Amino acid sequence: MKGLAVVLIVLVSLTACQSAGRYHVKQDSKPKFDYGEIDLSDATPIYEPYREINSRPYTVLGQHYRPMMDGKGFVQTGQASWYGQKFHGHTTSNGEVYDMFEMTAAHKRLPLPSYVKVTNLDNNKTAVVRVNDRGPFHPGRVIDLSYAAAKKLDVLKTGVANVIVEVIHIDESGMKTVGLGPTIRPDVPQTIAAPAPPKVASNQMPVDDQTTTDIAIKSMVPPSIAQDLIYIQIAAISNQQSVAELSKTLSQMYQVDVDAPLINDLYRVRLGPIKTEQKAELLIQALKQNGFENAFQIVIPAT
């Protein structure tokens with residue numbers, strides 16, 4: 001019986017967005033009463049050793065998860081959601097008490113604890129949070145924000161938002177790495193160059209996506225050597241600054257050209273052209289493993 005009790009304790013500690021009998025509130029919600037003004041200051045990344053117990057594989061709702069051993073260099077895009085009153089005061093997967101007014105978050109695979117920079121790609125707002133919990137266990141969602149973090153990123157009204165998640169890694173010597181950026185010592189000033197603006201197709205006629213794409217691409221290919229062009233689309237985003245940041249990240253990660261034609265008021269961020277369909281398929285697999293789960297192939301036929 002003692003062994004069974006231990007198993008039950010482990011299961012209920014995998015909190016974030018799964019339901020469990022220990023939660024007396026059935027539906028999650030915003031705070032039930034006025035807690036006063038909330039401090040929305042970013043979490044301050046520091047070196048914290050990963051807890052070994054948090055690296056063990058686990059299963060939730062029939063899905064198996066294997067946590068990462070090291071989060072350095074991790075970048076992921078997808079949807080963010082948030083969790084609040086229902087889980088407030090209960091134990092997180094890191095063994096701490098969840099406080100929805102702290103700048104924290106839950107992630108399925110990152111080592112615990114970790115620090116991440118979350119950028120809302122819909123409005124370009126950012127927040128730095130400490131990941132100390134597991135979740136969200138809903139298809140398509142990559143991070144669960146605390147109530148405070150969701151408030152700072154303006155996610156409370158929409159419920160979900162398109163985001164990019166970048167791990168802020170601090171090693172034992174104090175060296176800092178943000179996402180795929182360089183490793184630096186935080187007290188050394190760095191010159192941060194503004195991201196290059198995305199390439200935008202000159203033709204912006206109000207026609208369907210495929211027609212506009214064909215016109216933009218074919219104009220760049222001499223008729224004598226025209227051939228099918230293969231692209232991998234990653235996202236469709238309205239904010240130009242977010243497009244520039246995502247384009248820079250993708251270019252650094254995969255060493256492939258990135259463009260973002262403006263089609264029907266949305267920038268279609270994509271990699272390419274890719275030389276062969278085999279290479280495109282391998283790249284799509286790599287993208288999905290790194291969190292770009294909505295990546296898909298586009299082929300522009302030659303004429």
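Restricted to region 150-184, and to residues that are exposed (fewer than 13 other Cβ atoms within 10 Å of the Cβ) and over 28 Å from Tyr254 (Cβ atoms), which residue is modelled with the lowest pLDDT?
Result: Lys157.
Read through the list (1) surrounded by 13 or more Cβ atoms within 10 Å (Cβ to Cβ); (2) part of a loop (DSSP other than H, G, I, E, B); (3) hydroxyl-bearing (Ser, Thr, Tyr), then give the number of the only condition that Thr44 fails.
Among (1) surrounded by 13 or more Cβ atoms within 10 Å (Cβ to Cβ); (2) part of a loop (DSSP other than H, G, I, E, B); (3) hydroxyl-bearing (Ser, Thr, Tyr), Thr44 violates only (1).
Tell me whether region 251-266 contains one or more residues that are part of a loop (DSSP other than H, G, I, E, B) and touching a Phe, Trp or Tyr at 6+ places or on another chain (Cβ under 6 Å).
Yes, that holds for at least one residue.
Can you confirm whether Leu156 is touching a helix residue (DSSP H, G or I) at 6+ places or on another chain (Cβ under 8 Å) and either touching a residue at least 24 places away in the same chain (Cβ under 8 Å) or more than 16 Å from Gly78 (Cβ to Cβ) (or both)?
When the stated conditions are applied, Leu156 passes them.
What residue, among those in region 267-289 that are of a type outside the set (Ser, Thr, Tyr) and not in a helix (DSSP H, G or I), is farthest from the chain's Cα centre (by Cα)?
Here the residue is Lys275.
Can you confirm whether Lys72 is part of a helix (DSSP H, G or I) and either more than 14 Å from the chain's Cα centre (by Cα) or farther than 30 Å from Val243 by Cβ (or both)?
No; evaluated as a whole, the condition is false for this residue.
The values are calculated or read from the model by the stated rules, or taken from the named source; none is laboratory data. Predicted, not measured: the structure shown is a model, and the values here were computed from it. Every residue, glycine among them, receives a Cβ derived from its backbone with ideal geometry; neighbour counts consider all protein chains shown.
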